[in-house]
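K.L.:
Quick one: the structure is below, and I'll ask about it shortly.
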Amino acid sequence: MIIGAGPGAIAAAYRLTEAGFTDFVMLEKQDRVGGTWARNRYPGLACDVVSRAYQFSFALKPDWEAPYATQAQILEYMEQCVDELGLRPHVRLGTAVRGARWDDVTETWTVVTEAGEELEADVLIASPGMFGEAVWPDIEGRSSFEGTAVHTSAWPDDLDLTGLRVAVVGSAASAVQLIPEVAKEAAELHVYQRSANWVLPKEDAPFGPEQIAALAHDRSALEAARAEALEQVGARFAFVLDEVRVLMEQLGVQNISMVDDPELREKLTPTSPWGCQRPLFSNVYYPTFNRSNVELVTDPIARITPMGIVTADGREREVDVIVYATGYETTRYISAMDIVGRGGLDIDDAWADGARAYLGITTAGFPNLFMLYGPNTNHGSIITMIEYQVDYVVRMLDRMDREGLAWVDVRPETVRAYDERIQRDLDEVTVWDAGCHQYYRVPSGRIVTQWPHSMFTYREWLTAQDPIDAYELAALGVPPAE
Ligand SMILES: Cc1cc2nc3c(=O)[nH]c(=O)nc-3n(C[C@H](O)[C@H](O)[C@H](O)COP(=O)(O)OP(=O)(O)OC[C@H]3O[C@@H](n4cnc5c(N)ncnc54)[C@H](O)[C@@H]3O)c2cc1C
């Protein structure tokens, strides 16, 4: 059974069918497939990884219109993949999983949906994504606002901002994509920035018809284009390379120079090094601040009133709409559901000090449960990282078939040793210690989201042989020990 119908679930479903495992269902709480790209629909949303590297290796698309696809284009691609790869019959939409419990006697998972339905599964592939839960800031008076309040993750399709006074709270990834679009419609746009982010230029000229035609009729050219894009995204781990940081900051400063007002330029210049926060790209973000209807507010927000936002200097700006571009709760992973493993082990207890998983995929005490886009796997092109994980899972299922195994459970020592290694490697990435606001950490300070090496290193780790006793194995038909 697969939880989700986003890119991770789609990749898993395709590879499962290809390997002959056809008896599975994908449980998806939304009313359409596509995951992130179905849920998030704010204006300006686009991929920030080149699309030739952000596509499935088994469904290469020759006709991406430009290097960075828009949300609508990616969603259409996801829908097409589900249809053309014959996965639609496996999908059950509108089915939210509340939790799952491992039965030590039947050696199966019982999955419970929000509607109370119980479904049994031998193997669970959990692909719930990392950005499912919106973070609303804790600002005094937030609920008193009488205008329209929206979070970027739940953009109302019928929201028309034409002629309205709009506040955007936040200046990170979603804000940078959204602000130039909102500025075109709103009468006034006030951008509340807590800290400035590096926003780099990107090459985004649309592909010409000849470029697209060349790929459409030449499979090897199509594969070469993906390989080249992946090489750019995946070969190096830029965050530890000083020369890259210096170059990126130079490009950032150049990009900021598009802002006419020197005082504004200064306010938009980050005080933390490039890489401390998630790298951002836009050619249109900074010029937006030259518009007469756009104001950058750097005074901290003191409170929200029924009419608008009051900053620490006592000034109130009245607005019709507040857009919260304040990000997502990213560190919960499968513990966002009620997951109970061997001997009644609750995932919240197993992960009391934050999520951890061997290779980001398996965690001790939860047999036959494989996570996609799990702890410490966030880096580069997530579709590609997920494909590496799916290959690992399918190899594991093949092994279970071959060796007649009822279940596999990664040993606690394996997870501990792996996690210690990862945390040590994360400590080497000094730029992540530079004190900027990040979604990477749990309260104890552990980084539980980021992968600390290149994508290709991750692939190497996943294709290497597991240590001989990494997993506890149980043979089929052998009664469990008392
Ligand atoms: C705004 C935004 C922009 C992004 N841009 C990029 C980018 O440019 N490049 C990049 O590499 N990555 C990007 N990402 C990350 C992106 O989430 C991943 O690339 C990719 O979508 C992960 O696929 P997934 O299937 O693991 O998760 P998701 O796409 O999140 O899909 C998970 C699915 O599981 C479903 N689900 C969750 N819980 C349950 C439950 N309990 N029961 C049933 N269904 C459930 C969800 O509804 C969802 O459909 C972005 C994320 C966001 C939010």
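The values are calculated or read from the model by the stated rules, or taken from the named source; none is laboratory data. Predicted model only: the values in this text are computed from it and were never measured. Positions of Cβ are generated from backbone atoms using ideal geometry, with glycine treated the same way; all protein chains shown enter the neighbour counts. Only protein heavy atoms, including side chains, enter the accessible area calculation; ligands, DNA and RNA are left aside. Shrake-Rupley method; radii C 1.70, N 1.55, O 1.52, S 1.80 Å.
K.L.:
Just give me the residues in segment 420-450 being farther than 22 Å from residue 129 by Cβ, part of a loop (DSSP other than H, G, I, E, B) and among the β-branched types (Val, Ile, Thr), in sequence order.
P.N.:
Listed by number, the list holds a single entry, 429.
K.L.:
What do you reckon, is residue 203 in a loop (DSSP other than H, G, I, E, B) and not aliphatic (A, V, I, L, M)? Break it down stepwise before answering.
P.N.:
On the way: in a loop (DSSP other than H, G, I, E, B): yes; not aliphatic (A, V, I, L, M): yes.
So residue 203 passes the test.
K.L.:
Do you know which of the residues in segment 39-70 that are closer than 21 Å to residue 158 by Cβ and assigned to a loop (DSSP other than H, G, I, E, B) is farthest from the ligand (Cβ to nearest atom)? Steps first, please.
P.N.:
So in segment 39-70, the residues closer than 21 Å to residue 158 by Cβ come out as 39-45, 70.
Filter once more, keeping what is assigned to a loop (DSSP other than H, G, I, E, B): 40-45.
Values: 40: 4, 41: 10, 42: 8, 43: 12, 44: 10, 45: 6 Å.
Filtering first and then ranking leaves 43.
K.L.:
How many residues does segment 238-277 hold that are touching a strand residue (DSSP E or B) at 6+ places or on another chain (Cβ under 9 Å) and among the basic types (Lys, Arg)?
P.N.:
Number of matching residues: 1.
K.L.:
Across segment 105-117, which residue is least open to solvent (accessible area, probe 1.4 Å) among those that are more than 28 Å from residue 399 (Cα to Cα) and not hydrophobic (A, V, I, L, M, F, W, C)?
P.N.:
By that ranking, first place goes to 113.
K.L.:
Still on this structure, please answer the following. Name the one entry in 114, 79 that is modelled with pLDDT of 95 or more and near the ligand (Cβ under 10 Å from one of its atoms).
P.N.:
Details: 79 fails: near the ligand (Cβ under 10 Å from one of its atoms).
Going through 114, 79 in turn, the sole match is 114.
K.L.:
Looking for something farther than 13 Å from residue 321 by Cβ, more than 16 Å from the ligand (Cβ to nearest atom) and either of a type in the set (Val, Ile, Thr) or open to solvent by less than 60 Å² (accessible area, probe 1.4 Å) (or both) - is there at least one such residue anywhere in segment 144-153?
P.N.:
At the first step, the residues of segment 144-153 found to be farther than 13 Å from residue 321 by Cβ are 144, 153.
This time we only want the ones that are more than 16 Å from the ligand (Cβ to nearest atom), so: 144.
Imposing the further condition that a residue be either of a type in the set (Val, Ile, Thr) or open to solvent by less than 60 Å² (accessible area, probe 1.4 Å) (or both) reduces the set to 144.
Looking through segment 144-153, at least one residue is farther than 13 Å from residue 321 by Cβ, more than 16 Å from the ligand (Cβ to nearest atom) and either of a type in the set (Val, Ile, Thr) or open to solvent by less than 60 Å² (accessible area, probe 1.4 Å) (or both).
K.L.:
Of everything in segment 297-335 that's under 20 Å from residue 196 (Cα atoms) and open to solvent by 60 Å² or more (accessible area, probe 1.4 Å), which residue is farthest from the ligand (Cβ to nearest atom)?
P.N.:
The qualifying residue farthest from the ligand (Cβ to nearest atom) is 313.
K.L.:
How many residues does segment 141-159 contain that are under 16 Å from residue 305 (Cα atoms) and in contact (Cβ under 8 Å) with a residue 60 or more places away in the chain?
P.N.:
Total satisfying the criteria: 9.
K.L.:
With respect to residue 404, determine if the residue is of a type outside the set (Val, Ile, Thr) and more than 23 Å from residue 105 (Cα to Cα). Before the answer, list the steps.
P.N.:
On the way: of a type outside the set (Val, Ile, Thr): yes; more than 23 Å from residue 105 (Cα to Cα): no.
So residue 404 fails the test.
K.L.:
Related question: Residue under question is residue 131, and the condition is that it be of a type in the set (A, V, I, L, M, F, W, C), out of contact with any Lys or Arg (no Cβ under 7 Å at 6 or more places or on another chain), part of a loop (DSSP other than H, G, I, E, B) and within 16 Å of the ligand (Cβ to nearest atom); does it hold?
P.N.:
Working: of a type in the set (A, V, I, L, M, F, W, C): yes; out of contact with any Lys or Arg (no Cβ under 7 Å at 6 or more places or on another chain): yes; part of a loop (DSSP other than H, G, I, E, B): yes; within 16 Å of the ligand (Cβ to nearest atom): yes.
Yes: the conditions hold for residue 131.
Residue by residue, here is whether (1) touching a helix residue (DSSP H, G or I) at 6+ places or on another chain (Cβ under 8 Å); (2) not β-branched (Val, Ile, Thr) holds:
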position: 52; (1), (2): yes, yes
position: 56; (1), (2): yes, yes
position: 62; (1), (2): yes, yes
position: 81; (1), (2): yes, yes
position: 94; (1), (2): no, yes
position: 102; (1), (2): yes, yes
position: 106; (1), (2): no, no
position: 113; (1), (2): no, no
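K.L.:
Which condition number does residue 10 fail, the rest of (1) farther than 30 Å from residue 159 by Cβ; (2) in a helix (DSSP H, G or I); (3) open to solvent by less than 30 Å² (accessible area, probe 1.4 Å) being met?
P.N.:
Residue 10 satisfies every listed condition except (1).
K.L.:
Going through 245, 265 one at a time, which residue ends up being more than 23 Å from residue 62 (Cβ to Cβ), open to solvent by 50 Å² or more (accessible area, probe 1.4 Å) and either out of contact with any helix residue (DSSP H, G or I) (no Cβ under 6 Å at 6 or more places or on another chain) or among the aliphatic types (A, V, I, L, M) (or both)?
P.N.:
Details: 265 fails: either out of contact with any helix residue (DSSP H, G or I) (no Cβ under 6 Å at 6 or more places or on another chain) or among the aliphatic types (A, V, I, L, M) (or both).
So the residue among 245, 265 that is more than 23 Å from residue 62 (Cβ to Cβ), open to solvent by 50 Å² or more (accessible area, probe 1.4 Å) and either out of contact with any helix residue (DSSP H, G or I) (no Cβ under 6 Å at 6 or more places or on another chain) or among the aliphatic types (A, V, I, L, M) (or both) is 245.
K.L.:
Go through segment 369-387 and report how many residues are more than 16 Å from residue 450 (Cβ to Cβ) and away from the ligand (no atom under 13 Å from the Cβ).
P.N.:
So the answer is 1.
K.L.:
Then there is this: Can you confirm whether segment 390-403 contains a residue that is touching a strand residue (DSSP E or B) at 6+ places or on another chain (Cβ under 7 Å), at pLDDT 95 or above and either among the hydroxyl-bearing types (Ser, Thr, Tyr) or assigned to a loop (DSSP other than H, G, I, E, B) (or both)?
P.N.:
no
K.L.:
Of the residues 423, 389, which is in contact (Cβ under 8 Å) with a residue 24 or more places away in the chain and surrounded by fewer than 21 Cβ atoms within 10 Å (Cβ to Cβ)? Full working, then the answer.
P.N.:
Values: 389 fails: surrounded by fewer than 21 Cβ atoms within 10 Å (Cβ to Cβ).
Exactly one residue qualifies, and that residue is 423.
K.L.:
Within the set of pairs 6 or more residues apart or between chains, which connect a residue that is within 30 Å of residue 357 (Cα to Cα) and acidic (Asp, Glu) inside segment 306-333 to a residue that is open to solvent by 50 Å² or more (accessible area, probe 1.4 Å) and assigned to a strand (DSSP E or B) with Cβ atoms less than 8 Å apart?
P.N.:
329/133
K.L.:
Further question on the same structure: If you scan segment 29-38, which residues turn out to be assigned to a loop (DSSP other than H, G, I, E, B) and open to solvent by 40 Å² or more (accessible area, probe 1.4 Å)?
P.N.:
So in segment 29-38, the residues assigned to a loop (DSSP other than H, G, I, E, B) come out as 29-35.
Those that are assigned to a loop (DSSP other than H, G, I, E, B) and open to solvent by 40 Å² or more (accessible area, probe 1.4 Å): 29, 30, 31, 32.
K.L.:
Still on this structure, I have one more. Restricting to segment 97-111, what's the tally of residues that are assigned to a strand (DSSP E or B) and touching a residue at least 24 places away in the same chain (Cβ under 8 Å)?
P.N.:
Narrowing segment 97-111 to residues assigned to a strand (DSSP E or B): 97-103, 108-111.
Pick out the ones that are also touching a residue at least 24 places away in the same chain (Cβ under 8 Å) and you get 97-102, 109, 111.
Selection size over segment 97-111: 8.
K.L.:
On to the next question. If I filter segment 376-384 for residues that are of a type in the set (A, V, I, L, M), open to solvent by 20 Å² or more (accessible area, probe 1.4 Å) and within 28 Å of residue 105 (Cβ to Cβ), do I get at least one hit? Working first, answer last.
P.N.:
Kept after step one, since they are of a type in the set (A, V, I, L, M), are these residues of segment 376-384: 382-383.
Add one more test, that the residue is open to solvent by 20 Å² or more (accessible area, probe 1.4 Å), and what stays is 382.
After this cut, where a residue has to be within 28 Å of residue 105 (Cβ to Cβ) as well, the list is none.
No, the conditions are met nowhere in segment 376-384.
K.L.:
Is it fair to say residue 4 is free of Cβ contacts under 8 Å to residues at least 60 places away in the same chain, open to solvent by less than 10 Å² (accessible area, probe 1.4 Å), under 30 Å from residue 101 (Cβ atoms) and within 13 Å of the ligand (Cβ to nearest atom)?
P.N.:
Numbers: free of Cβ contacts under 8 Å to residues at least 60 places away in the same chain: no; open to solvent by less than 10 Å² (accessible area, probe 1.4 Å): yes; under 30 Å from residue 101 (Cβ atoms): yes; within 13 Å of the ligand (Cβ to nearest atom): yes.
Judged against the criteria, residue 4 is not a match.
K.L.:
Only residues that are more than 10 Å from the ligand (Cβ to nearest atom) and of a type in the set (Asp, Glu): list them for segment 18-38, please. Outline the logic, then answer.
P.N.:
Let us first name the residues in segment 18-38 that are more than 10 Å from the ligand (Cβ to nearest atom), namely 18-25.
Matches in segment 18-38: 18, 23.
K.L.:
Give 98, 15, 88 a once-over and let me know the one that is of a type in the set (Lys, Arg), away from the ligand (no atom under 11 Å from the Cβ), surrounded by fewer than 18 Cβ atoms within 10 Å (Cβ to Cβ) and farther than 29 Å from residue 284 by Cα. Walk me through it before giving the result.
P.N.:
On the way: 98 fails: away from the ligand (no atom under 11 Å from the Cβ); 15 fails: surrounded by fewer than 18 Cβ atoms within 10 Å (Cβ to Cβ).
Result of the check over 98, 15, 88: 88.
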